[in-house]
Amino acid sequence: MSQIINVEHLNYRYPQQDTDALTLTDVSFSVAAGEWVAIVGHNGSGKSTLAKNLNGLLAPVSGQITIDGQVLSEDTVWDIRRKIGMVFQNPDNQFVGATVADDVAFSLENQGIPRETMLKRVDEALAQVDMSAFKTREPARLSGGQKQRVALAGMIAARPKILILDEATSMLDPEGRAEVLATIRQMKADSDLTVLSITHDIDEAASANRVLVVNDGQLVEEGTPAEIFEHGPALIKMGLDMPYPERLKAALKRQGVTVPTTYLTEKGMADWLWQLISNK
Amino acid sequence: MMNKLIFGRYIPGDSVIHRMDPRAKLLLSFYFIGIIFIANNWATYVLLFAFTLLAIKLSGVKWSFFINGVKPLIWLILFTVILQVLFSASGGTVYFKWGIITISQLGLVNGVYIFCRFVLIIFMSTLLTLTTPPLELSDAIEYILMPLKVVHFPVYEVALMLSIALRFVPTLMDETEKIMNAQRARGVDFGEGNIFQQMRAIVPLLIPLFVSSFNRAEDLATAMEARGYQGGEGRSKYRILKWQARDTWATLAFAVLTVALVGLRLYV
């Protein structure tokens, strides 16, 4: 299989940063066409930075990125952006159009595609994500999951070769998350799309063919989901989601509260919190 | 509540007026405001009212919406009318005179005319906003500004800004609501105390709202760039406006109205 994404010795530092520390240090990896790769890691580990480097939203200090045979440079950046569709975390902040159809058409308008073709592609894309009934709706009247599906329809209409999901499901409720994941699986089945998903969600990571673990700006581990999941509790260290009560416990502990060491369910945690407050 | 002020304005419908090209509606509404000033006697005002009421009838929108459109402005209108009545040049029978204040027949008549003008303008502009979705209005503005491209005015960019602004109004309303609730939970009292206290209560609302708006703007800019936005040039358009026969007819109706007004002004 051909390599559609190839990253070599990528180093990146945020320009507004005053230290010399790199946000990404010597990152190299490649992704084969049609593969689904998940990138996991803590908040601030550099995974979103990595994604933004791939389509030139951020420019690396050094290193080379090759997308579908084209080396990323100032001259090729717009060609490459056409090949990469990117869905971001916040459903509201990436909805450009005033209605669903307008938003799906946005990338097409940017490419100067004739109107007749646009009309057809927008309808097809909306049908594919099962949002045709909402074509003339305003974003304010959609759920988070529906907005992300519209974002995906925008990608389908623009026909990229690579889809990057930058924590695209992290702000959704479990239902919305399942909807979006199902849509991505469907998209993957319909075409030989390459998917790169940056995620904390264990289900999303499990859908991938391969998982890359990023820590502190470096690629620390790589393997199939099964291999990575064998680590058990250490997954948390890699930035995959801890259950909510565990996160709350960790946060309370940082504030100097003594927390029970046994595992508590959400309900158990709530009961324990009530006790704690009433004893004060 | 706030939603109603701006966005509840558009009343979906399928009338002739609803289906008109927004460009025609926008331009003709402005034109109407212009020709109101041709009217100078009762016959011309009767004609203008008949025309406006016919347009309202055609739109199928309830009368109460138009009355409600006048209500918030009623004090401003009455104030203007009273000024006109008290201080305008005297003519005809003088009923009352005290210093510079004069109530004359001409003054009273002028007052009534001014009142009619206000009501006509409000009715017509309310008709425009009730029958045209904001997005179509922003499209119409884009087309109308097009000639300014000659002087390198960024028409496409302004139009996109306008449509993004419209798109974010409900989002920011929700956000405001959320922040208000969050601040209420911390003990801020909105709508209590004197005007200075109320103004001070707005500050903890505005600052988080500004911060989040800037964050949103940055995210949106990134998303737009990732989707290949490189400025207005070379973009194609998904939404287009079509000038139809009914728009030509409406324009003709306005032309006839103008001729009739001029006629009535000269000969009645």
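Residue-by-condition table, conditions (1) in contact with a helix residue (DSSP H, G or I) (Cβ under 8 Å, 6 or more places away or on another chain); (2) within 13 Å of A:V37 (Cβ to Cβ):
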site: A:I162; (1), (2): yes, yes
site: A:R177; (1), (2): yes, no
site: A:V180; (1), (2): yes, no
site: A:A189; (1), (2): no, no
site: A:D192; (1), (2): no, no
site: A:H200; (1), (2): no, no
Expected single match for in contact (Cβ under 8 Å) with a residue 40 or more places away in the chain, farther than 30 Å from B:L160 by Cα, open to solvent by less than 20 Å² (accessible area, probe 1.4 Å) and in the same structural domain as A:M171 (by TED's automatic domain parsing) among A:A38, A:A51 is A:A38
What are the residues in the stretch B:105-119 that are open to solvent by less than 30 Å² (accessible area, probe 1.4 Å) and out of contact with any helix residue (DSSP H, G or I) (no Cβ under 9 Å at 6 or more places or on another chain), if any? none
Segments classed as helices (runs of 4 or more DSSP H), wholly inside the stretch A:1-114, with at least 3 members that are closer than 16 Å to A:M155 by Cβ and within 14 Å of chain B (Cβ to nearest Cβ): A:77-83, A:100-110
Please go through (1) more than 30 Å from A:T76 (Cβ to Cβ); (2) surrounded by fewer than 16 Cβ atoms within 10 Å (Cβ to Cβ) for B:A217 and return the number of the only condition it doesn't satisfy. (1)
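Test A:G46 against the stated conditions and say whether it is modelled with pLDDT under 90, in contact with a Leu (Cβ under 6 Å, 6 or more places away or on another chain) and crowded, with 20+ Cβ neighbours inside 10 Å.
When the stated conditions are applied, A:G46 passes them.
So that you can scan it fast, the table gives a plain yes or no per residue for (1) within 27 Å of A:S143 (Cα to Cα); (2) open to solvent by 40 Å² or more (accessible area, probe 1.4 Å); (3) within 14 Å of chain A (Cβ to nearest Cβ):
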residue	(1), (2), (3)
B:I121	no, yes, no
B:M124	no, no, no
B:D139	yes, no, yes
B:K149	no, yes, no
B:E157	no, yes, yes
B:M180	yes, no, no
B:R186	no, yes, no
Conditions (1) closer than 30 Å to B:L47 by Cα; (2) within 14 Å of another protein chain (Cβ to nearest Cβ); number of the one not met by B:A250: (2)
Do any helices (runs of 4 or more DSSP H) lying entirely in the stretch B:31-121 carry at least 3 residues that are in contact (Cβ under 8 Å) with a residue 60 or more places away in the chain, and which ones are they? B:42-59
Any residue that is outside the structural domain of B:T258 (by TED's automatic domain parsing), without any contact (Cβ under 8 Å) to a residue 60 or more places away in the chain and on the phi > 0 side of the Ramachandran plot - is there at least one of those in the stretch B:152-163? yes
Would you pick out the residues in the stretch B:188-214 that are modelled with pLDDT under 90 and either open to solvent by less than 60 Å² (accessible area, probe 1.4 Å) or among the acidic types (D, E) (or both)? B:V188, B:D189, B:F190, B:G191, B:E192, B:G193, B:A201, B:P204, B:L205
Quick one: B:P133 ticks every box in (1) in contact (Cβ under 8 Å) with a residue 60 or more places away in the chain; (2) under 26 Å from B:L48 (Cβ atoms); (3) not aromatic (F, W, Y) bar one, so which box is it? (2)
Please indicate, with yes or no, whether at least one residue in the stretch A:19-30 is within 30 Å of A:T224 (Cβ to Cβ), assigned by TED's automatic domain parsing to the domain that holds A:A168, touching a helix residue (DSSP H, G or I) at 6+ places or on another chain (Cβ under 8 Å) and open to solvent by 10 Å² or more (accessible area, probe 1.4 Å). yes
Every residue in the stretch A:56-85 that is among the acidic types (D, E) and over 17 Å from A:L196 (Cα atoms), please. A:E74, A:D75, A:D79
Hey, any hits in the stretch B:26-49 for a residue that's open to solvent by 70 Å² or more (accessible area, probe 1.4 Å), out of contact with any Pro (no Cβ under 7 Å at 6 or more places or on another chain), among the aromatic types (F, W, Y) and over 30 Å from B:R239 (Cβ atoms)? yes
Please specify each residue of the stretch A:115-144 satisfying the condition of being in contact (Cβ under 8 Å) with a residue 24 or more places away in the chain, within 11 Å of another protein chain (Cβ to nearest Cβ) and of a type outside the set (A, V, I, L, M). A:R121, A:T136, A:E138, A:P139
Give the residues of the stretch B:10-22 that are open to solvent by less than 40 Å² (accessible area, probe 1.4 Å) and assigned to a helix (DSSP H, G or I), sorted by residue number. B:I17, B:H18, B:P22
On the given criteria, is B:I56 outside the structural domain of B:E177 (by TED's automatic domain parsing), open to solvent by less than 20 Å² (accessible area, probe 1.4 Å) and either aliphatic (A, V, I, L, M) or modelled with pLDDT under 90 (or both)? yes
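So which of B:T176, B:T248 ends up being among the hydroxyl-bearing types (S, T, Y), touching a residue at least 12 places away in the same chain (Cβ under 8 Å) and surrounded by fewer than 17 Cβ atoms within 10 Å (Cβ to Cβ)?
B:T176
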Being closer than 30 Å to B:L266 by Cβ and open to solvent by 90 Å² or more (accessible area, probe 1.4 Å): is that true of B:K71 here? no
Among the residues of the stretch A:66-109, what is the count of those that are free of Cβ contacts under 8 Å to residues at least 60 places away in the same chain, within 18 Å of the chain's Cα centre (by Cα) and open to solvent by 20 Å² or more (accessible area, probe 1.4 Å)? 1
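The values are calculated or read from the model by the stated rules, or taken from the named source; none is laboratory data. Fair warning: this is a prediction, and the values are worked out from it, not measured in the lab. Ideal geometry is used to build each Cβ from the backbone, glycine not excepted, and the neighbour counts take in all protein chains shown. Ligands, DNA and RNA are stripped out before the accessible areas are found, and what is left, the full protein with its side chains, is counted by its heavy atoms. Shrake-Rupley method; radii C 1.70, N 1.55, O 1.52, S 1.80 Å.
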